[in-house]
Amino acid sequence: MRFWVLLMLCMIFPDLHSEEVPEIKLSNPETPYVEREEKQFNFYPGGKLEISAGAAGNVKIVGWQKGSVRMEAEKIIYYLPPEKAKAIIEQNPIRVKWNQTIASIRTAGPPSLEMEINLTIYVPQYKTDIKTNISHGDFSIDSVNGWIETTILQGNVSAQSTSGYFSAITQQGDVQVEMSGKRWNGQEFAASTQLGSVNLLLPVNYSAALQLETRDGKISVDFPPQVVDGEPTPPSILIKKSAQFMKAAVGDGGAPIKLFTYAGDVTLSKKTLP
């Protein structure tokens, strides 16, 4: 009898046994929520720029022939509804402070990697000092002369057509270096990774003092041998257990180029002209 009573109640009041669940629309990871931000300000050559990327994301720096800095930011949120994604972005603004000789750009975000802030920053090409700290993301720099230092927790390093002083350290990531011109114009170029490969591209007529080292990997050379006393002499590679080390001058020698990986291979190749 009790069963029939319950059945009749459910037929009369169907909402008693079901509750409508509101649909929550999440952002598709293939089409996430994206916002963009731009900022530009006057900045003299010889100035100092500090970049602190606390949020995950890549940092790209490009030298240009203008007395100003331009920042282009791409903010990406994955897997969240647009309203919540927008709120997170508003809670974590990009903080930019500047005058005409000193500037800083800082990003921050939640610990999860569901948020990215990718930065493209244009700086005066000549005599701009840059210090960068990145938590999770790649660092690339092109056509900048200055005192350049970068530290990365996890991410790749790419440097092209730079000069002055360069120092880059990544705990986990590859290092890609491409030189231009006839020699390194500055004090030193140094880059290291604890876990990752190292690739160095040099023009055939380049002059530098090379120091290449891997503690657990191999060194490969695809570069024309140097001519010593009229004889082609390939660089010698010192091998000790799992470590390999190469110290050699190319061309007329010059400023040191130091590349190191604790676990990974090192490759020296000739740069193919376009």
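The values are calculated or read from the model by the stated rules, or taken from the named source; none is laboratory data. Quick caveat: nothing in here was measured; it's all calculated off a predicted structure. Cβ atoms come from the backbone with ideal geometry, glycine included; neighbour counts cover every protein chain shown.
Among the listed residues K131, K84, identify the single one that is among the basic types (K, R) and over 29 Å from G264 (Cβ atoms).
Working: K131 fails: over 29 Å from G264 (Cβ atoms).
Matching residue, one of K131, K84: K84.
Mind checking which residues of region 85-108 are among the charged types (D, E, K, R) and in contact with a strand residue (DSSP E or B) (Cβ under 8 Å, 6 or more places away or on another chain)?
Keep residues of region 85-108 that are among the charged types (D, E, K, R), which gives 86, 90, 95, 97, 106.
Matches in region 85-108: K86, R95, K97, R106.
Kindly indicate whether any position in region 71-87 is in contact (Cβ under 8 Å) with a residue 12 or more places away in the chain, acidic (D, E) and over 17 Å from I141 (Cα atoms). Don't jump to the end; show me each part of the working.
Within region 71-87, the first condition is being in contact (Cβ under 8 Å) with a residue 12 or more places away in the chain, and the residues that meet it are 71-82, 85-86.
Restricting the remaining residues to those that are acidic (D, E) gives 72, 74.
Filter once more, keeping what is over 17 Å from I141 (Cα atoms): 74.
Yes, region 71-87 has at least one match.
Go through the residues of region 22-43 one by one and say whether even a single one is at pLDDT 95 or above, surrounded by 15 or more Cβ atoms within 10 Å (Cβ to Cβ) and hydrophobic (A, V, I, L, M, F, W, C).
So far as region 22-43 goes, yes, one or more of its residues are at pLDDT 95 or above, surrounded by 15 or more Cβ atoms within 10 Å (Cβ to Cβ) and hydrophobic (A, V, I, L, M, F, W, C).
Condition test on I76, is it of a type in the set (A, V, I, L, M, F, W, C), in a strand (DSSP E or B) and more than 20 Å from K131 (Cα to Cα)?
Values: of a type in the set (A, V, I, L, M, F, W, C): yes; in a strand (DSSP E or B): yes; more than 20 Å from K131 (Cα to Cα): yes.
Taking the combined requirement at face value, the residue satisfies it.
Could you grab me the full set of residues in region 117-149 that are without any contact (Cβ under 8 Å) to a residue 60 or more places away in the chain and crowded, with 20+ Cβ neighbours inside 10 Å?
Quick first cut of region 117-149, residues without any contact (Cβ under 8 Å) to a residue 60 or more places away in the chain only: 146-149.
Passing the criteria: G146, I148.
Identify the single condition in (1) assigned by TED's automatic domain parsing to the domain that holds R36; (2) surrounded by fewer than 18 Cβ atoms within 10 Å (Cβ to Cβ); (3) not acidic (D, E) that N185 does not satisfy, given that it satisfies every other one.
(1)
Given the residues G63, G46, which is the only one that is on the phi > 0 side of the Ramachandran plot and either part of a strand (DSSP E or B) or out of contact with any strand residue (DSSP E or B) (no Cβ under 6 Å at 6 or more places or on another chain) (or both)?
On the way: G63 fails: on the phi > 0 side of the Ramachandran plot.
Going through G63, G46 in turn, just one is on the phi > 0 side of the Ramachandran plot and either part of a strand (DSSP E or B) or out of contact with any strand residue (DSSP E or B) (no Cβ under 6 Å at 6 or more places or on another chain) (or both): G46.
Of the numbered conditions (1) buried (at least 17 other Cβ atoms within 10 Å of the Cβ); (2) of a type in the set (G, A, S); (3) within 18 Å of the chain's Cα centre (by Cα), S161 satisfies every one except a single condition; which is it?
Status for S161: all satisfied but (1).
Regarding Q100, is this residue under 20 Å from V266 (Cβ atoms) and surrounded by fewer than 16 Cβ atoms within 10 Å (Cβ to Cβ)? Before you say what the answer is, go through the steps one by one.
Details: under 20 Å from V266 (Cβ atoms): no; surrounded by fewer than 16 Cβ atoms within 10 Å (Cβ to Cβ): yes.
No: the conditions fail for Q100.
Within region 146-154, is there a residue that is within 24 Å of G173 (Cβ to Cβ), part of a strand (DSSP E or B) and touching a His at 6+ places or on another chain (Cβ under 8 Å)? Working first, answer last.
In the first step, residues of region 146-154 are kept if they are within 24 Å of G173 (Cβ to Cβ); the result is 146-154.
Still in the list and also part of a strand (DSSP E or B): 146-154.
From what's left, touching a His at 6+ places or on another chain (Cβ under 8 Å): 153-154.
So far as region 146-154 goes, yes, one or more of its residues are within 24 Å of G173 (Cβ to Cβ), part of a strand (DSSP E or B) and touching a His at 6+ places or on another chain (Cβ under 8 Å).
Give just the number: which of (1) surrounded by 13 or more Cβ atoms within 10 Å (Cβ to Cβ); (2) over 16 Å from the mean Cα position of the chain (by Cα); (3) under 18 Å from G155 (Cβ atoms) does V59 not satisfy?
If we test V59 against (1) surrounded by 13 or more Cβ atoms within 10 Å (Cβ to Cβ); (2) over 16 Å from the mean Cα position of the chain (by Cα); (3) under 18 Å from G155 (Cβ atoms), just (2) comes out false.
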